[in-house]
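Only the coordinates and a few stated rules stand behind these numbers; no lab work does. Note that the structure is a prediction, hence the values are computed from the model and not measured. As a convention, Cβ positions derive from the backbone with ideal geometry for all residues, glycine included, and neighbour counts pool all protein chains shown.
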């Protein structure tokens, strides 16, 4: 049986790279996006050499602005005629407040707006295939988040830990809302925490190490990065999950989104506002 084509954002390092390698090892055509074309191609060459799967390629794409995200959607639509699985993996954990060219705080842009633009922009391409799935990397830290539509997008409530949690909560709001809106297309939309690993996103020093220690996360931070691919692979391929949508998983286990993600009025308001921002 022909294997599903999988696209992974930020597939040139960390969890994204591990996920791309596992799908390639299982025989899937794999496309990764990378901000740096040379780094993306180097990872493609490495995965091909390791797995023997030559159906691996990279597309250069930047997730830092609305314009660059829309340009990436156009590239993917043109260059990947058949797509069954989109994994929104790319993410950032900013320790300083930085606004992008659109005036949005960087955590909000990369962790929320980018997955929104790619997911909505590629729904048509995905819906042409049976059992298409969108998966977005999230984290249990979203349970501690608080999303404020007037403040969070612009970093007015910025805190280097709080903003990460808040933008991941926005990501959860989007997942639930989009799942409902695209249900007639047959595309499922879910989010998951892969567990915590020692990746380029989590570069912590000093007081941050103390924070993670007392959060009880030290053991997870040092899990082998290769094992981070098990959850996305399972969620993207398990036959029993073909009809599951709008759900959150802690690795492979069903879990519960934060209470604020169940606020239908907030989800609708965020969705409509995001359409204004991105169109």
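Miscellaneous remarks
- Shape category assigned to region 57-202 from the gyration tensor of Cα positions, a/c cut at 1.5: prolate
- At q = 0.08, 0.09, 0.10 Å⁻¹, base-10 log of I(q)/I(0) for the chain (Debye sum, equal scatterers on each alpha carbon): -0.29, -0.37, -0.46
- Relative contact order %, region 6-278, counting alpha carbon pairs below 8 Å whose residues are six or more apart: 18
- Counting DSSP beta bridges with both ends in region 6-278, the antiparallel % (nearest 5): 15
- Gain upon complete extension [residue 183, residue 26; 0.36 nm per residue less C-alpha separation]: 53.7 nm
- Helical content of the chain, expressed as a calculated mean residue ellipticity at 222 nm, amounts to -12500 deg cm²/dmol (DSSP H runs of 4 or more residues, -39,500 (n - 2.57) each, divided by residue number, nearest 500).
- Relative packing of 86-99, 255-268, which averages over residues the other C-beta atoms within 10 Å, highest first: 86-99, 255-268
- Region 21-44 and region 227-275 have Cα centres separated by 24 Å.
- Inter-label distance for residue 82 and residue 127, nm, one decimal - labels placed 7 Å from Cα along Cα-to-Cβ: 2.1
- Packing order of peptides 31-41, 235-245, highest average first: 31-41, 235-245 (average count of other Cβ atoms within 10 Å over each peptide's residues).
- Springs join every pair of Cα atoms under 10 Å in this Gaussian network model of the chain, and among 194, 184, 153 the largest mean-square fluctuation is at 184.
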